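Report on the following structure.
The values are calculated or read from the model by the stated rules, or taken from the named source; none is laboratory data. In this text, all values refer to a predicted model and were calculated from it rather than measured experimentally. A quick note on method: Cβ atoms are made from the backbone with ideal geometry, for glycine too, and the neighbour counts reach across all protein chains shown.
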Amino acid sequence: MIDQGASHAAMVRVTELAFNYGEKDSRVQALRDISFAIPRGSTCAIIGPSGSGKSTLLYLLSGLLEGYSGQVLVDGDRVYRGRRETALILQDHGLLPWKKVWDNAALGLDIRKVPENIKREKISAILKELGLWEMKDRYPSQLSGGQRQRVGIARALALDPDLLLMDEPFSSLDALTREALQKQLLHIWLKDRITIMLVTHSIEEAVFLGQKIIVLSAHPGRIAKIVDNPRAGTPEYRKNQEFYQMATGLRELLEQ
Ligand SMILES: Nc1ncnc2c1ncn2[C@@H]1O[C@H](COP(=O)(O)OP(=O)(O)OP(=O)(O)O)[C@@H](O)[C@H]1O
């Protein structure tokens, strides 16, 4: 009998996932034997060396990549391209340079033809929450990297996602801006309890944000370890001894 209850408890459930790019001679085995479950409303960081399949895994979870073997369930259903409640934020934020901050943030709602009054209310609230209200009439070229990233986050949140997938969202930012945005993300998570999965190269970021940390190894990408990190998401964690122990343990694992 299929255990429906167990499937639904997890927001994301991946079982024996494998994925290759290309065919025959040009085949690249990107992922193999990947199994994990992410509880609804929790956070997960995916970390691993270059080429270990982190981005590939995120694209599979978003439904952008198909042709995998194994099972990928999102909210109990087989993953599919265009799931409305899944938001994917890529490294370049995907902002349109010719549109102002307001219109960039509203893009997803425009595509979905959301009525003007609802759109206005929603975008106003989100821009204010993310500290972008004063910049609503600027173009992306007139923003800092951190502000641009926040517009990308605003656009994603406007769609009321239940699953937020982020590919190295803060990698191009300086340390202080990065920490400020990490805190802002936590604030949103605590308020809305969205399930968040993010790919990162930063061990500290993974420990600070990921209640579960999936560590991948390379060639092909496999799970090296899944670490439970229940204190992630608490603002004071970064200053704590446990934080350093967790980060040191992960560093040793990645250096093996
Ligand atoms: N479009 C593609 N065609 C063929 N091979 C690809 C393609 N995209 C990625 N790969 C290969 O698949 C493997 C996993 O790539 P992926 O980008 O998912 O890794 P990653 O862990 O995100 O890497 P990085 O940390 O460098 O961004 C790598 O060996 C990569 O060369």
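Each residue in segment 15-44 was checked for being within 13 Å of the ligand (Cβ to nearest atom), in a strand (DSSP E or B) and of a type outside the set (D, E, K, R), and 10 of them qualify. The single condition among (1) within 16 Å of the ligand (Cβ to nearest atom); (2) of a type in the set (Asp, Glu); (3) part of a loop (DSSP other than H, G, I, E, B) that Glu205 does not satisfy is (3).
Within segment 16-67, the only residue that satisfies the criterion of being of a type in the set (Phe, Trp, Tyr), in contact with a Leu (Cβ under 8 Å, 6 or more places away or on another chain) and surrounded by fewer than 24 Cβ atoms within 10 Å (Cβ to Cβ) is Tyr59. For the residues Arg231, Arg238, Arg178, the requirement of being outside any loop (DSSP other than H, G, I, E, B) and over 18 Å from the mean Cα position of the chain (by Cα) singles out Arg238. Taking Ser172, is it more than 26 Å from Asp75 (Cα to Cα), in contact (Cβ under 8 Å) with a residue 60 or more places away in the chain and surrounded by fewer than 18 Cβ atoms within 10 Å (Cβ to Cβ)? In short, yes. Working only within segment 115-157, note down all residues that are farther than 13 Å from Gly94 by Cα and in contact (Cβ under 8 Å) with a residue 60 or more places away in the chain. Across segment 115-157, the qualifying residue is only Leu157. Name the residues in segment 19-44 that are in contact with an Asp or Glu (Cβ under 7 Å, 6 or more places away or on another chain) and aliphatic (A, V, I, L, M), would you? Residues satisfying the conditions do not exist here. Annotation note: Cβ proximity below 7 Å between a residue of segment 208-220 that is over 26 Å from Asn240 (Cα atoms) and a residue that is within 16 Å of the ligand (Cβ to nearest atom) and assigned to a strand (DSSP E or B) (sequence gap 6+ or interchain) occurs for Ser217/Ala224; Pro220/Gln29; Pro220/Ala30; Pro220/Leu31; Pro220/Arg32. Applying the criterion of being at pLDDT 90 or above and surrounded by fewer than 21 Cβ atoms within 10 Å (Cβ to Cβ) to the residues of segment 85-94, the residue that is nearest to Arg32 (Cα to Cα) is Leu88. Within segment 95-134, the residues that satisfy the criterion of being part of a loop (DSSP other than H, G, I, E, B), crowded, with 16+ Cβ neighbours inside 10 Å and among the hydrophobic types (A, V, I, L, M, F, W, C) are Leu95, Val114, Leu130, Leu132. Considering only residues in segment 45-64 that are more than 8 Å from the ligand (Cβ to nearest atom) and among the β-branched types (Val, Ile, Thr), the one that is nearest to Leu186 (Cα to Cα) turns out to be Ile46.
The requirement of being closer than 13 Å to Gln182 by Cα, more than 16 Å from the ligand (Cβ to nearest atom) and modelled with pLDDT under 95 is not satisfied by Pro230. The single condition from (1) assigned to a helix (DSSP H, G or I); (2) over 26 Å from Leu127 (Cα atoms); (3) without any contact (Cβ under 8 Å) to a residue 24 or more places away in the chain that Leu250 fails is (3).
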